[in-house]
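The values are calculated or read from the model by the stated rules, or taken from the named source; none is laboratory data. The shown structure was predicted, so the numbers you read here are calculated from the model rather than taken from an experiment. Here the Cβ is made from the backbone with ideal geometry for all residues, glycine too, and neighbour counts use every protein chain on show.
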Amino acid sequence: MRIFSGIQPTGRKHLGNYIGAIVQYVEGQHRAAEHGDVGIFCVVDLHAMTVAYDPAEMRARVYDTAAILLAAGLDPERCIFFRQSDVPEHTELAWHLGAITSHGDLNRMHQFKEKSARQRDLVSADLFFYPVLMAADVLAYRAHEVPVGDDQRQHVELMRDLAQRFNARFGDELVVPELLVPATGARIMDLQAPDSKMSTTGGTAEGTVYVLDDAKTVEKKFKRAVTDSDDPPRIVRDPAKPGVTNLIDILAAASGRTHADVEAEMASARGYGDLKLATAAAVNALLDPVRERYAQLRPDEDALEAVLGAGAQKARAIASETLVDVRRVMGVGPRP
Ligand code: AQP
């Protein structure tokens, strides 16, 4: 059972990225190894180029993201961890998959609609093509599972369609991967705007909790989280109560409990203030060791580069085999 996922080196990683994705990577590397396979994780710098970005900062953001993932518990001895642009097979496979992707497929992607509306200057062709590169990221490794947050559901559905389309047209070469979203915390919402997901580019500053925020800032953001004016306050999950539901989800995910456990424990709370403080404490308990380890790892860019470089070699060995098969069945390149 092979697992693949990627994370962008854009901005600062937030609690949604952490609970929705990074926690699953760390767990996935162990599960894959237990099944005699490997978890493959990638900092997707090419995806970060699809929107306006600062070239002078890109490498530093890759190191930031790599250090967060290592601090969270990714172990390069157990998994394969690398930078997307170091493995050119991703972009080559994206081109090949583009041949079986329709313009209509890409036009339906919600994320393109949202992100293109936020671009002030150029809406790049790469932003439109992004889901095809994401499909290539996963299909190049014949991965069985893709751990992501709920916002990536549509992209994973497209990559499954493309793998099925490819296999039907050219022969059974690609694995059709399964989506893996966490049972709790697949969609962490903005603390100030709990109808919108916590987001690097689309969220509010006060409502976005960053992995590297200090404990006091985390507590302040939770204390100010939007709830509702129910009197008496009701600490239950309910679509009509998005702020409270989000806090229950975060508390459950951060403390490894179910929603029901959290609701039961909070039944005796005096008000939303108790829920906010309990959630901040659970998030700080989760992130404190990550921040500490990050502070040790981040300054040594040579060591981070060495980890990413070694990972890229292992990744390339797998992806290049897939590409040999893909080229052969598609009739591309010299006679096999
Ligand atoms: N709010 C969220 N709740 C749960 N999971 C989330 N993810 C993102 N937001 C949430 C998951 O984090 C992983 C890495 O995401 P990414 O950094 O590659 O970028 P993204 O998916 O585009 O989300 P961002 O970071 O918030 O950027 P914006 O919104 O600005 O584009 C993915 O698995 C994602 O599902």
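So which helices (runs of 4 or more DSSP H) are wholly in region 174-285 and hold at least 3 residues that are modelled with pLDDT under 95 and either surrounded by 15 or more Cβ atoms within 10 Å (Cβ to Cβ) or more than 16 Å from the ligand (Cβ to nearest atom) (or both)? If you could, list the steps in order and put the result at the bottom.
Values: elements: 215-223, 242-255, 259-266.
Fully inside region 174-285 and qualifying: 259-266.
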Check your understanding: Hey, does region 4-18 have a residue that's more than 8 Å from the ligand (Cβ to nearest atom), β-branched (Val, Ile, Thr) and either farther than 25 Å from Ser255 by Cα or surrounded by fewer than 24 Cβ atoms within 10 Å (Cβ to Cβ) (or both)?
Key -> no
**Study point:** Identity of the residue in region 110-126, in contact (Cβ under 8 Å) with a residue 40 or more places away in the chain and more than 17 Å from the chain's Cα centre (by Cα), that ends up nearest to Arg316 (Cα to Cα)
**Key:** Asp126
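In this structure, is Val87 more than 27 Å from Ser255 (Cα to Cα) and within 11 Å of the ligand (Cβ to nearest atom)? Steps first, answer last, please.
Working: more than 27 Å from Ser255 (Cα to Cα): yes; within 11 Å of the ligand (Cβ to nearest atom): no.
So Val87 fails the test.
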Check your understanding: Could you list, in sequence order, the residues of region 217-254 that are charged (D, E, K, R) and closer than 16 Å to Leu286 by Cβ?
Key -> Glu219, Lys221, Asp249
